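First up is the structure itself, then whatever we jot down about it.
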Amino acid sequence: MVGRSTTDVKCVKCKNVYEADVVDHIDLSEDRDLWRNLKAGKANRVQCPKCRKVQYLNRSLVINFEPENLIVVFDPAARKKVVRENHMKDYESVVGFNETLEEVGNETEFKIVTKKEQLKKLVADYVKAHG
Ligand SMILES: [Zn+2]
């Protein structure tokens, strides 16, 4: 299931503040309709309803590459070591929650991706294998 939330975005062009629907979590095996956007690098893309200016939000997105046993956190801000460490800690506290998750965690590769190009490549490979 896609995890969605809304967030306030300030347009970089006209300064209009608007509410945008954003995706926090994607399960690729279920959310096939999002493959094309991800492959095109359109993660975290929002558009101002007033002036149509497109911008990309600096927020993290969790992508589950089921059945590849791969979980990717896409976060442009994770070039900083402290941000990366926080993601790692979050992940460890989630999989440490119970035994089932811990098993999943042991079999699952956890990857932090900061570059859009890198994410596009991962999704393209996934689509090739499962499309
Ligand atoms: Zn605008």
Please specify each residue of segment 45-90 satisfying the condition of being away from the ligand (no atom under 16 Å from the Cβ), among the β-branched types (Val, Ile, Thr) and without any contact (Cβ under 8 Å) to a residue 24 or more places away in the chain. Val82, Val83
Could you give me the residue pairs with C-beta distances under 6 Å whose first residue belongs to segment 1-21 and is farther than 13 Å from Pro49 by Cβ, whose second residue is at pLDDT below 90 and outside any strand (DSSP E or B) wherever it lies, and which are 6+ apart or on separate chains? Val2/Asp31
Go through segment 82-131 and report how many residues are of a type in the set (D, E, K, R), outside any helix (DSSP H, G or I) and over 15 Å from the mean Cα position of the chain (by Cα). 1
Counting just the residues of segment 116-131 that are without any contact (Cβ under 8 Å) to a residue 24 or more places away in the chain and among the basic types (Lys, Arg), which one comes out nearest to Ser60 (Cα to Cα)? Lys121
Any chance you could count how many residues in segment 1-44 are more than 21 Å from the chain's Cα centre (by Cα) and more than 9 Å from the ligand (Cβ to nearest atom)? 1
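Please find, among Glu109, Glu99, the residue that is touching a residue at least 24 places away in the same chain (Cβ under 8 Å) and loosely packed, with under 13 Cβ neighbours inside 10 Å. Quick ask: steps written out before the conclusion?
On the way: Glu99 fails: touching a residue at least 24 places away in the same chain (Cβ under 8 Å).
Residue meeting the stated conditions: Glu109.
The values are calculated or read from the model by the stated rules, or taken from the named source; none is laboratory data. Quantities reported herein were computed from a predicted structural model and do not represent experimental measurements. Counting neighbours? That spans all protein chains shown, and the Cβs are built from the backbone with ideal geometry, glycine included.
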